[in-house]
Every structure is written in structure tokens, then in C-alpha cells.
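Read the figures in this text as sums done on the coordinates, not as results from a lab. Everything quoted here is computed from the prediction, not taken from an experiment. Reconstructed Cβ throughout: ideal geometry from the backbone, glycine too, with neighbour counts over all protein chains shown.
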């Protein structure tokens, strides 16, 4: 039996057959399809099937293609949800591996993700993910960090306020010079801070 899993973003695209031919001969294959867009979000959240988490990650990866900050929040939420679903260590690591490759983040946001996961796993007393060697290898990478931070901050500010005027531009550099723990906390709270709060703290 053949089954086609469609992960595209076009609701009406639903092919059910494939054919090819040559020299007057033709081969035709009919198959059922599974459209990932058809899954209801509430049903995915309540499902005990690990594949549901992968579908959720796929959907949010598509939705946050131009929004790294939002993707960070969803990646954290989905990873934390692995523990709350009661999966064992091996299941968590395997699903995390899929989510991590799927939901790519800029390096600075990966460090933010690492810091938040470390705190979360310490609370849960389950140091699964932060013990992975992949995360440890990121510690020494410094080249381009300042410019990357500036790009991230500007992206967050545009997403939050629609545009960056002179007053907001003036706080970009002070924000990028924050120590990594403070910078990570800032990124996690930037979506709720008002313009006045930001200008008061960093101008």
C-alpha cells in the first residue's frame, strides 16, 4: 500500500494519483493521502501519538518562516511539552532531534533556547537535552555575534512595534551589549515589554 503525506501549505492541492508513460505505454498509481493541514490543533495537543508533536513542529515551522522570535517560543513550548506528555528519555531525545533539525534558529536564539532548557530541566531534574554534545559545541562560537544580535533585536522590534524609529534604534546597541544571560531573558520578555519600558531601561 502507498500513502502520500502532504506537508505543503496549499489547502486545495490534493493529488491522488501519479502516472508516467513512454512509447505508448502508461503506468498509473492511485494512492490515499494524509494532509497535515487537516489536523486540528486541539486534537494534536491532546494526542498521545509522538507523531502529533512532529506535525505541530512542522506547522509552526511553516508559520514562523520569517519570525525567528516566535519560532523560539514555539520550539520551547513543544520541547517542554515532551516532558509533560510523559515520554521516556529516549523518546524525548529522538523527537527533540527531529524538532531541532526542523525548527532552525539563528545561533544567538539557539543559545537562548539552551539557557531556558537548562533551567527547565534543572527544575524537572531531568537533564536530557542539555547534556547533548551538540549544545556544548556552541559555546565557543563568537564570530559575528554582535551583528547577529543587532539583526535579532531589530527583527523583534519590528515585529513588536511595526517600525523602528530613532528612539528605538538608539537602544539597539545597548541591548546587544548585554551579557548573554540578560540578553536571553530580554528576548523571552521582549514580546510583552512596552515601548516606554524599553526606552526607560535601555536609553
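Pull out a ≥ b ≥ c, the square roots of the eigenvalues of the alpha-carbon gyration tensor of the range 39-136, then state rounded if a/c is under 1.5, prolate if not and a/b is larger than b/c, and oblate in the remaining case. Verdict is oblate for the range 39-136. Placing a label point 7 Å from the Cα of residue 124 along the Cα-to-Cβ line, the residues of the range 83-104 whose backbone N sits under 17 Å from it are 83-101. Approximating the spin labels as points 7 Å out from Cα along Cα→Cβ, the residue 20-to-residue 88 distance works out to 4.2 nm. For residue 40 and residue 77 in the same chain, what is the full-extension length gain: residue separation times 0.36 nm, less their Cα-Cα distance, in nm? This chain segment gains 11.6 nm when fully extended.
In this calculation the C-beta distance from residue 203 to residue 67 is compared with R0 = 45 Å, giving a FRET efficiency of 0.95. For the chain, the longest principal axis of the C-alpha atoms and the axis of helix 107-124 are separated by about 90°.
Look at 173, 16 and count the other Cβ atoms within 10 Å of each Cβ; fewest to most, that gives 16, 173. Rg and Dmax of the chain, based on Cα coordinates, read 21.3, 76 Å. Summarising the label geometry, the points placed 7 Å from Cα in the beta-carbon direction at residue 147 and residue 194 lie 3.7 nm from one another. Mean residue ellipticity, 222 nm, helices only, the chain: the sum of -39500 (n - 2.57) across DSSP H runs of n ≥ 4, divided by residue count and rounded to 500, is -17500 deg cm²/dmol.
Note the angle between two axes, namely the Cα long axis of helix 50-63 and the longest principal axis of the Cα atoms of the chain, as a number of degrees from 0 to 90, rounded to the nearest 10. The helix 50-63 is inclined about 70 degrees to the chain.
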